[in-house]
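Worksheet: one structure, shown below.
The values are calculated or read from the model by the stated rules, or taken from the named source; none is laboratory data. Model, not experiment: these values are computed from the prediction. Using ideal geometry, Cβ is built from the backbone for each residue, glycine included, and neighbour counts are taken over all protein chains shown.
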Amino acid sequence: MQVYRLSREKFARPLSGKGAALKGARWNPIGVELIYTAQNRSLAMAEVAVHFTLATLPDDYAMTSIYIPDEIKFKKTVESELPKDWKMFPHPNSTQKIGLDFVLENRYCLLQIPSVVTQGEFNILINPNHKDFHKIEILRVEKFPFDKRIFR
């Protein structure tokens, strides 16, 4: 499987989850490392774009293509299993508990979760502390300029 991560260029390598742990996010509380990826490039872009306006859009983004061997098992989460408030903004503590439990359980390296931004698509969260994480590799990192028309 190939997944994608859009980030500031200086944070493209190495894959660590440390940035998510610093601030926390929808699926992880502060202090819990997770790597957020998307099943395709356009979803990776949409997940980032919702946080910016044209005036605040950085120009140093890079798209990281990541290879995940098929042998790495993942946990699938479907919308009906999520708390009723999972799509709320700002994100609720209930969704952070899902990521925390996933990491603490440490049974799977990957968690497939529905996207809040793009209905019907999925993000793949990677636990960098799982025993299979070393099998995951970066295929390439490419500059990714946003098309300014998205922010009109």
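A few points about this structure:
- Checking P69 against (1) surrounded by 15 or more Cβ atoms within 10 Å (Cβ to Cβ); (2) in contact with a helix residue (DSSP H, G or I) (Cβ under 7 Å, 6 or more places away or on another chain); (3) within 17 Å of I138 (Cα to Cα), the condition it does not meet: (1)
- Residues within region 80-96 that are surrounded by 11 or more Cβ atoms within 10 Å (Cβ to Cβ) and part of a helix (DSSP H, G or I), tallied: 5
- Test: residue in region 122-132 that is at pLDDT 95 or above and in a helix (DSSP H, G or I): no
- Selection count, region 28-48, where residues are of a type outside the set (D, E) and within 16 Å of E121 (Cα to Cα): 12
- Count of region 22-34 residues, restricted to those that are in a loop (DSSP other than H, G, I, E, B) and among the small types (G, A, S), is 2.
- In region 64-76, the qualifying residues are those that are in a loop (DSSP other than H, G, I, E, B) and modelled with pLDDT of 95 or more, and the one that is nearest to the chain's Cα centre (by Cα) is I68.
- Selected residue [among the polar types (S, T, N, Q), free of Cβ contacts under 8 Å to residues at least 24 places away in the same chain and either under 18 Å from K135 (Cβ atoms) or part of a loop (DSSP other than H, G, I, E, B) (or both)] from T56, T37: T56
- Inter-residue pairs, beta-carbon under 6 Å, first within 22 Å of I136 (Cα to Cα) and in region 87-111, second assigned to a helix (DSSP H, G or I), 6+ apart: C109/F133; L111/F102
- Condition check for N123: within 16 Å of the chain's Cα centre (by Cα) and surrounded by fewer than 17 Cβ atoms within 10 Å (Cβ to Cβ): no
- Evaluation of W27 against the conditions (1) touching a His at 6+ places or on another chain (Cβ under 9 Å); (2) surrounded by fewer than 18 Cβ atoms within 10 Å (Cβ to Cβ) shows that the sole unmet condition is (2).
- In region 1-28, the residues that are closer than 23 Å to L100 by Cβ reach residues that are polar (S, T, N, Q) and in a strand (DSSP E or B) with C-beta atoms within less than 6 angstrom, at least six apart or across chains, in these pairs: V3/T37; R5/T37; R5/T64; A20/N28.
- Residue satisfying all of: in region 50-60; under 17 Å from H91 (Cα atoms) and at pLDDT below 85; surrounded by the most Cβ atoms within 10 Å (Cβ to Cβ) among these: F52
- Candidates are the residues of region 133-152 that are assigned to a helix (DSSP H, G or I) and touching a residue at least 12 places away in the same chain (Cβ under 8 Å); the one that is nearest to I35 (Cα to Cα) is F133.
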